[in-house]
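First comes the structure, then the notes that go with it.
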Amino acid sequence: MFDDLTPFYRDFGSSVTVAGVSTTGIFDTSTPDSFGIVASTIPSLRVSASVAAAVGDAVTAGGSSWVVAAIHAVDPRGSEKLLVLK
């Protein structure tokens, strides 16, 4: 794992808005299942754990507006979280 994820988000992220605050995140519309096969097209947003987000918050990503449906930790250290969008 990396201690500083800033280069990762700089290279692969895009500008998004979470609960009215601009940040950088990685927006994705495909979610793999546990076997690595694309199981659905549920949109998600991967962000740093420092981004304040709660279920029901508004998100603007990929040119569309979304609402946070669930929040999951990406790694056990808690450095990132995945916002499941609807």
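Structure notes:
- Criterion violated by Lys86 - all others in (1) among the charged types (D, E, K, R); (2) open to solvent by 50 Å² or more (accessible area, probe 1.4 Å); (3) in contact (Cβ under 8 Å) with a residue 60 or more places away in the chain satisfied: (3)
- Region 55-74: number of residues that are surrounded by 12 or more Cβ atoms within 10 Å (Cβ to Cβ), at negative phi and not in a strand (DSSP E or B): 2
The values are calculated or read from the model by the stated rules, or taken from the named source; none is laboratory data. Treat the numbers as computed from the prediction; the structure is a model and nothing was measured. When we count neighbours, we look across all protein chains shown, and the Cβ atoms used for this are built from the backbone with ideal geometry, even at glycine. Accessible surface is based on the protein model in full, side chains and every heavy atom, while ligands, DNA and RNA are left aside. Shrake-Rupley method; radii C 1.70, N 1.55, O 1.52, S 1.80 Å.
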